[in-house]
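The values are calculated or read from the model by the stated rules, or taken from the named source; none is laboratory data. Just so we're clear, the structure is a prediction, and the values are computed from it rather than from any experiment. Virtual Cβ from ideal backbone geometry, glycine too; neighbours counted across all protein chains shown.
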């Protein structure tokens with residue numbers, strides 16, 4: 001299922017902590033070995049329930065909230081809790097760890113479903129180890145991507161929506177709205193440039209970063225999630241408007 005090639009050597013510094021969730025031992029151990037040789041710290045899990053315990057344990061230690069895993073490499077066909085359900089649960093519990101799905105299902109529909117449940121990227125089996133490593137690097141770079149310095153603004157306001165950049169907080173009619181980091185960055189970009197039309201490519205460049213290797217449909221997925229949280233009628237949006245043939249804009 002995996003095509004092995006010689007990988008370029010890199011300094012053995014710990015670049016991040018990766019959780020590899022795969023029930024097939026040969027794939028699990030091969031991926032873990034390749035990541036370890038690249039300088040990553042690796043933990044493995046054989047099934048979805050074990051992985052969920054590891055993720056949940058990683059955020060509370062000694063009463064202090066902390067993130068242990070920087071990336072999750074996740075197979076879909078898992079015992080006990082399958083990969084899609086595990087991805088949903090991880091996102092439902094509020095974890096924003098980047099997730100790379102591995103799957104033998106390679107159709108567009110399968111990729112879209114994976115992205116819709118919260119994955120950040122999708123790699124079909126069989127895959128080359130070079131590509132896997134490159135996608136892991138890209139996801140980790142994007143998770144630490146910093147935007148160019150911008151003038152500090154105490155808040156951005158549009159009708160009843162108020163965004164507080166320094167607090168990473170959004171309210172609608174004084175009620176807090178729970179947004180993921182990508183949703184927050186998208187909304188901040190839109191509200192900083194009201195009525196400007198953004199293409200998918202421009203949004204990916206500004207929010208996901210220049211090394212993004214995933215499907216551009218992830219933009220549509222995040223826009224839909226934002227509409228569900230911001231709009232009174234998500235099917236007839238008044239804030240996040242589709243400009244057919246061009247992209248999206250904020251405001252009518």
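Go through (1) at pLDDT 90 or above; (2) within 30 Å of residue 75 (Cβ to Cβ); (3) assigned to a helix (DSSP H, G or I); (4) in contact with a helix residue (DSSP H, G or I) (Cβ under 6 Å, 6 or more places away or on another chain) and name the single condition residue 189 misses. Condition not satisfied by residue 189: (2). Flag set for residue 100, criterion: in the same structural domain as residue 74 (by TED's automatic domain parsing), closer than 30 Å to residue 40 by Cβ and outside any helix (DSSP H, G or I). The single condition among (1) more than 19 Å from residue 22 (Cα to Cα); (2) touching a residue at least 12 places away in the same chain (Cβ under 8 Å) that residue 104 does not meet is (1).
Taken over the stretch 193-223, residues that are touching a residue at least 40 places away in the same chain (Cβ under 8 Å) and either closer than 19 Å to residue 172 by Cβ or not in a helix (DSSP H, G or I) (or both) amount to 14.
Check 180, 103, 143 and return the single one that is surrounded by 13 or more Cβ atoms within 10 Å (Cβ to Cβ), under 12 Å from the mean Cα position of the chain (by Cα) and within 30 Å of residue 26 (Cα to Cα). Sole residue among the options that is surrounded by 13 or more Cβ atoms within 10 Å (Cβ to Cβ), under 12 Å from the mean Cα position of the chain (by Cα) and within 30 Å of residue 26 (Cα to Cα): 143.
Selection of first residues in the stretch 23-49 that are at positive phi and assigned to a loop (DSSP other than H, G, I, E, B) and of second residues that are surrounded by 16 or more Cβ atoms within 10 Å (Cβ to Cβ) and at pLDDT below 95, restricted to Cβ pairs under 7 Å at least 6 apart or on distinct chains, gives the following pairs, ordered by first then second residue: 39/15.
Report yes if some residue within the stretch 148-160 is surrounded by fewer than 16 Cβ atoms within 10 Å (Cβ to Cβ), in contact (Cβ under 8 Å) with a residue 12 or more places away in the chain and part of a helix (DSSP H, G or I); otherwise report no. Within the stretch 148-160, none of the residues are surrounded by fewer than 16 Cβ atoms within 10 Å (Cβ to Cβ), in contact (Cβ under 8 Å) with a residue 12 or more places away in the chain and part of a helix (DSSP H, G or I).
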